[in-house]
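In what follows, a single structure is set out as structure tokens and then discussed.
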Amino acid sequence: LGGRKVVREGFKFAERWFLANGGWGSVSRESVGSVTGELDLEKLSLKDLKETVAPSGIVDSDRMVELFCGAVETLGSVGAAQYEASVSFGSEGTGPGQFQSVGRVAVHGEGSDQRVAAVDEFRVNVFNVCSGECVWSVGSKGNGPGQFARPLGVAFNVQGELYVSDWEHDRISVFDASGSYVRSFGEKGGGEGQFVGPLGLAFTAGGELVVADSGNHRVQVLREDGTF
């Protein structure tokens, strides 16, 4: 009977009654069962069961197993409902908006203009978050401008330009807000603005590009054009 708080307080009262009447030496299991049976213990949380009900010893082990299992199932269903996907992007394949292997993602913008970029094997797909539509894709397998051998990191700058790190080509390619190739920078090496296997990308609040330069065991902070 009652909500969770009422049930919890009711159980604590039953425990006090049990102890005041001499515990198991004086109180039969039938009497305890009739008292606790009036309480809807299924309404209690997993924490309540662990911290209040189980330590009391007045609920038998079979009943406790039932209560614990029920609480875990309830927690799982609530979590699933809370985190159910509201929209999803892409499918398996090689066509527009499809993926062979989804990698890192980056988000830019707000409202109806918000976009998400997701790395595929040799390209990056960009979707409108609200509609789920693939608005453009960039890249293909190769060594030419705007092509990739192994794209890994992605990040948008404030203007909506997309930066993509290429682990094998040791460079970063830049595309404008419409998906057109703009420029690339970087080469293999250990000097300033050089990379060995660049991975994750991010922008600071001041607009500087942060690069995880994995093969050089360092993080570089560069201007948007790739210079120090």
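The values are calculated or read from the model by the stated rules, or taken from the named source; none is laboratory data. A quick note: this is a predicted structure, and the numbers were derived from the prediction, not measured. Methodologically, a virtual Cβ is constructed for each residue, glycine included, from the backbone with ideal geometry; neighbour enumeration extends over all protein chains shown. Side chains are part of the model used for accessible areas, which takes the heavy atoms of the whole protein and leaves out ligands, DNA and RNA. Shrake-Rupley method; radii C 1.70, N 1.55, O 1.52, S 1.80 Å.
Structural remarks
- Other residues whose C-beta falls under 10 angstrom from the C-beta of residue 128 contribute a net charge of -1, scoring Lys and Arg +1 and Asp and Glu -1.
- Of all lysines in the structure, those lying under 28 Å Cα to Cα from residue 141, and not within fewer than 8 positions of it along the same chain, are 188.
- If R0 is 30 Å, the Cβ-Cβ spacing of residue 60 and residue 5 corresponds to a FRET efficiency of close to 0.75.
- Estimated inter-spin distance, residue 205 and residue 133, nm [label 7 Å along Cα→Cβ]: 3.5 nm
- Among 54, 65, 175 - extreme Cα towards positive end, dipole of the chain, charges at beta-carbon: 54
- Fraction of C-alpha pairs exceeding 21 angstrom in region 105-228: 32 percent, rounded to a whole number.
- Less than 5 angstrom separates the built amide H of residue 200 from those of 212, all sequence-distant by 5 or more or on a different chain.
- Beta bridges assigned by DSSP with both partners in region 115-160 are antiparallel in approximately 90 percent of cases.
- Taking the protein heavy atoms of the chain in the context of the full set of protein chains, the accessible area attributed to carbon and sulfur is 51 percent at 1.4 Å.
- Stretch gain in nm, segment residue 187-residue 16, where the contour uses 0.36 nm per residue and the Cα spacing is subtracted: 54.1 nm
- Using alpha carbons only: equivalent-ellipsoid semi-axes of the chain, gyration tensor based, whole Å: 60, 20, 15
- Kyte-Doolittle mean at least -0.5 and Cα axial length at least 30 Å: DSSP H helices in the chain: 61-82
- The mean sequence separation of alpha-carbon pairs under 8 Å and at least six residues apart, normalised by the residue count of region 76-228, gives a relative contact order of 13 percent.
- Based on alpha-carbon atoms, the Kirkwood radius and the radius of gyration of region 111-162 give Rg/Rh equal to 1.00.
- Annotation: amide H of residue 155 within the under-5 Å range of 163, sequence separation 5 or more or interchain, hydrogens built in the peptide plane.
- Residue 156 sits among other residues whose Cβ lies under 13 Å from its own Cβ, and their net charge, with Lys and Arg +1 and Asp and Glu -1, is -3.
- FRET efficiency for the pair residue 42 and residue 88, taken as 1/(1 + (r/R0)^6) with r the Cβ-Cβ distance and R0 = 25 Å, rounds to 0.15.
- Accessible surface for region 82-145, divided over its residues, is 60 Å² per residue with a 1.4 Å probe.
- Size of electric dipole in the chain: Cβ of Lys, Arg +1 and of Asp, Glu -1, about Cα centre, debye, nearest 20: 360 debye
- FRET efficiency, residue 176 to residue 102 (Cβ-Cβ, R0 22 Å, nearest 0.05): 0.40
- Counting only DSSP beta bridges whose two residues both lie in the chain, roughly 90 percent are antiparallel.
- In a fully extended conformation the segment linking residue 28 and residue 223 would gain 62.4 nm over its present Cα-Cα distance, using 0.36 nm per residue.
- Cβ-defined net charge surrounding residue 3, 14 Å radius [Lys, Arg +1; Asp, Glu -1]: 0
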